[in-house]
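Any read-out appearing in this document is the output of simple, stated calculations on the displayed coordinates, not a laboratory observation. Quick caveat: nothing in here was measured; it's all calculated off a predicted structure. Note that each Cβ is placed from the backbone with ideal geometry, even for glycine, and that neighbours are counted across all protein chains shown.
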Amino acid sequence: MNPWNLLLDLIGGVLNFFYQILPGSLQNLGIAIILLTLAISLVMFPLTLKQTRSMRAMQLIQPEVKRLQKELKGDKEELNKQLMALYSERGVNPAAGCLPMIVQMPIWFALFSVLRNVEKYIEGTVNSTFLGMDLTQAPSQVVPEAIKSGNYLGTVPYILLIVLIVVAGFYQQLQTTKTKKDDGKEQSQTAQSMQTAMKIMPLFFGFISWTLTAGLGIYFATSNLFRVGQQALIIRMDDDDDDDEQKPALPADTPEDGEPGSKGPSQNASKKKNRRRRK
């Protein structure tokens, strides 16, 4: 069978499953898409974990990267060799930030196709209106028509959805590119290029969310918000582990100054030292 059709049937089947398990008053395509997004995000958690830790590790090794760049400025081949060795030693993958996106791309296109023919995949009458939006229509189609007819209020949900996708995407990038340990440190050209590329992605998602169905926008918004929570949890756990490793061991109990076995100066020694100072 065609792999693409298999993927469509899989996405459509899972979406239909979530739609059918919702009680009557909550049976809505938007809620079903949110549940589908959460399920996919949980399945992809190992990739999210790897991505978050790799991007944070990239930030933390910047001083060493800058040192290598300075020392091997005239030898690009050796510099690249040393950088690859450093990345391997620290478990850093410069391309890790794009991995979850690449894996999910077929899912996005499949969901877009399913939403365009939603009656084919979801049994019964489909309630596709969610938060004032028709999830089977693209904002680029609805908003101009609403403005033309003077229904400005009808444009608000679509515009807010786009804004939410972009803002959540930027904050998601900020979580992994700004840490308490790299404040004020210069970054390598590789890290700067990677951050520039990642900062463009929220704008890219905002654009495609404008041109594709609003249901896909719900997927992007839910995915970004859930990823923010996942990354916050990962960062907190990693920071707690780092703090535990850096805590100094508690010193053993020592006798008071002047007692046998004390390493501190005795009272008599202190008095003699004070007399010498007065002289």
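Arrange the following residues from fewest to most other Cβ atoms within 10 Å of their Cβ: T37, T48.
Going from least to most buried by this count: T48, T37.
How much length is gained if the chain between S140 and M1 is pulled fully straight, taking 0.36 nm per residue apart and subtracting their Cα-Cα distance, in nm to one decimal?
Numbers: separation 139, 0.36 × 139 = 50.04 nm, distance 3.47 nm.
In short, 46.6 nm is gained.
Expressed as a whole number of Å, what is the distance separating the alpha-carbon centroids of region 73-90 and region 109-170?
The two parts, judged by their Cα centres, are 47 Å apart.
Contact order normalised by length for region 3-240, with contacts defined as Cα pairs under 8 Å and 6 or more residues apart; what percent is it? Mind showing how you got there, number by number?
Numbers: 262 pairs, mean separation 74.3, N = 238.
Relative contact order, region 3-240: 31 percent.
So, in nm, how far is label T211 from label T125 when the simple model puts each one 7 Å beyond its Cα toward the Cβ?
If labels sit at T211 and T125, their model points lie 3.6 nm apart.
Restricting to Cα atoms and excluding each atom paired with itself, what does the Kirkwood estimate give for region 3-240 in Å? Each step should come with its number before you reach the end.
Numbers: mean 1/r = 0.0505 Å⁻¹.
Radius from the Kirkwood sum: 19.8 Å.
Could you give the semi-axes, largest first, of the ellipsoid that matches region 1-110, computed as the square roots of 5 times the alpha carbon gyration tensor eigenvalues and rounded to whole Å? Kindly include the intermediate steps, with their values, before the conclusion.
Details: eigenvalues 389, 49, 15 Å².
Equivalent-ellipsoid dimensions as semi-axes: 44, 16, 9 Å.
Using 1/(1 + (r/R0)^6) with R0 = 35 angstrom and r between the beta carbons of I21 and L49, what's the FRET efficiency to the nearest 0.05?
Using R0 = 35 Å, I get an efficiency of 0.80.
Using Cβ counts within 10 Å as a stand-in for footprinting exposure, how do S128, S25 rank, fewest first?
Working: S128 20, S25 6.
Ordered from fewest to most neighbouring Cβ atoms within 10 Å, S128, S25 come out as S25, S128.
Distance cut-off 29 Å, Cα to Cα: go down the list K66/K199; K76/K199; K120/K148; K50/K81; K148/K199 and report the pairs above it.
On the way: K66/K199 22 Å; K76/K199 27 Å; K120/K148 32 Å; K50/K81 23 Å; K148/K199 33 Å.
Correct reply: K120/K148; K148/K199.
Can you list residues from other chains, or at least 5 along the same chain, whose modelled amide H is less than 5 Å from the amide H of F130?
L135
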